[in-house]
Amino acid sequence: MVLDASIGEPWNRTGPRVVHDGFEIDPAEPSPTVEPACPVCGGTLPIALVKLLRSGSAAAWPEPDAVVTTFGLRSKRFGDSLVITDPIGLEASLLSLSCGSCTTEFVACLGYGEWQPARYLATYLGLVAIT
């Protein structure tokens with residue numbers, strides 16, 4: 001599985017797009033969504049932000065260095081632990097998804113975390129195709 005950065009939107013030209021700014025995302029409540037366009041066919045790829053709570057950390061990806069390079073993330077080691085964050089310091093998470101129209105598989109990268117006491121941010125860093 002290889003991340004193909006040639007298919008996807010530019011995610012790091014102006015920094016990450018903030019897609020949630022408020023209280024912690026509650027899995028029991030309706031979730032805000034991000035709806036990027038599929039770069040292959042133009043279809044919509046809805047991403048419910050509640051999936052961030054169940055998604056895997058970017059550090060758990062089989063090739064974390066590729067994730068850091070592809071999405072312009074930051075990585076730090078603390079002992080045996082690797083922490084990968086977005087440009088503003090939120091923990092980066094990866095979500096696998098596929099387009100319902102053309103079936104191309106993608107990885108979307110989002111950041112999520114507590115920005116200030118009781119103020120949570122979610123950022124959308126883009127998506128790339130899996131080849």
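The numbers here are math on the coordinates, done by the rules we state, and not lab data. Note that the structure is predicted; figures quoted are calculated from it, not measured. Please note: Cβ atoms are built from the backbone with ideal geometry, for glycine as well, and neighbour counts cover all protein chains shown.
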- Checked the stretch 45-64 for anything loosely packed, with under 13 Cβ neighbours inside 10 Å and not charged (D, E, K, R); matches are 46, 56, 62
- Task: Enumerate the strands (runs of 3 or more DSSP E) found wholly within the stretch 65-131, keeping only those where 2 or more residues are touching a Pro at 6+ places or on another chain (Cβ under 8 Å).
- Result: 74-78, 81-85, 105-116, 119-130
- Item | residue 114 being of a type in the set (D, E, K, R), out of contact with any Asp or Glu (no Cβ under 6 Å at 6 or more places or on another chain), in contact (Cβ under 8 Å) with a residue 12 or more places away in the chain and surrounded by 16 or more Cβ atoms within 10 Å (Cβ to Cβ) | no
- Of all the residues that make up the stretch 15-29, how many are touching a strand residue (DSSP E or B) at 6+ places or on another chain (Cβ under 9 Å) and among the charged types (D, E, K, R)? 3
- Message: List the residue pairs whose Cβ atoms are under 7 Å apart, where the first residue sits in the stretch 70-81 and is in contact (Cβ under 8 Å) with a residue 24 or more places away in the chain and under 16 Å from residue 110 (Cβ atoms), the second is hydroxyl-bearing (Ser, Thr, Tyr) and exposed (fewer than 13 other Cβ atoms within 10 Å of the Cβ), and the two are 6 or more positions apart or on different chains.
- Response: none
- Item | Within the stretch 86-111, tally of residues that are charged (D, E, K, R) and either buried (at least 23 other Cβ atoms within 10 Å of the Cβ) or within 15 Å of residue 59 (Cα to Cα) (or both) | 2
